[in-house]
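*Asks:* Take a look at this one; I'll ask things after.
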């Protein structure tokens, strides 16, 4: 029996260029596929934390453990301009939550 994890799909989505990654876990026996399951994740250009005073702290998303193809896409599409757009979007969303609480 062998287990293989392969990228099934990579998409760049939306104005802020989130990267959607679908990986397939394939179980094979004697070269024949026995099962396949899909896991999906979404990577954003920045991580953020909101403290109790509603201050937002941003950090770059850690892509060091991602597949090389995902890394190359992130390095290409997550420009400084895109990161600023993302910060603006998050700040707007946090303000709406703050104003409604």
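*Asks:* Given the conditions (1) within 15 Å of residue 89 (Cα to Cα); (2) touching a helix residue (DSSP H, G or I) at 6+ places or on another chain (Cβ under 7 Å), report the number of the one that residue 19 does not fulfil.
*Replies:* Going through (1) within 15 Å of residue 89 (Cα to Cα); (2) touching a helix residue (DSSP H, G or I) at 6+ places or on another chain (Cβ under 7 Å) one by one, residue 19 breaks only (1).
*Asks:* Residue 24: modelled with pLDDT under 95 and more than 16 Å from residue 83 (Cβ to Cβ), yes or no?
*Replies:* Details: modelled with pLDDT under 95: no; more than 16 Å from residue 83 (Cβ to Cβ): yes.
No: the conditions fail for residue 24.
*Asks:* May I ask you to list pairs of residues, at least six apart or on different chains, whose Cβ atoms are under 7 Å apart, with the first in the stretch 1-19 being on the phi < 0 side of the Ramachandran plot and the second being in a loop (DSSP other than H, G, I, E, B) and surrounded by 13 or more Cβ atoms within 10 Å (Cβ to Cβ)?
*Replies:* The qualifying pairs are 7/67; 16/45; 18/44.
*Asks:* Given the conditions (1) surrounded by 15 or more Cβ atoms within 10 Å (Cβ to Cβ); (2) touching a residue at least 40 places away in the same chain (Cβ under 8 Å), which single one is not true for residue 83?
*Replies:* Failed condition: (2).
*Asks:* Do we find a residue being in a helix (DSSP H, G or I) and either modelled with pLDDT under 95 or surrounded by 15 or more Cβ atoms within 10 Å (Cβ to Cβ) (or both) anywhere in the stretch 54-73?
*Replies:* yes
*Asks:* So which of 10, 49, 19, 90 is in contact with a strand residue (DSSP E or B) (Cβ under 6 Å, 6 or more places away or on another chain), loosely packed, with under 14 Cβ neighbours inside 10 Å and not in a loop (DSSP other than H, G, I, E, B)? Spell out how you get there, then give the answer.
*Replies:* On the way: 10 fails: loosely packed, with under 14 Cβ neighbours inside 10 Å; 19 fails: loosely packed, with under 14 Cβ neighbours inside 10 Å; 90 fails: loosely packed, with under 14 Cβ neighbours inside 10 Å.
Matching residue, one of 10, 49, 19, 90: 49.
The values are calculated or read from the model by the stated rules, or taken from the named source; none is laboratory data. Note that the structure is predicted; figures quoted are calculated from it, not measured. For neighbour counting, all protein chains shown are included, and Cβ atoms are generated from backbone atoms with ideal geometry for every residue, glycine included.
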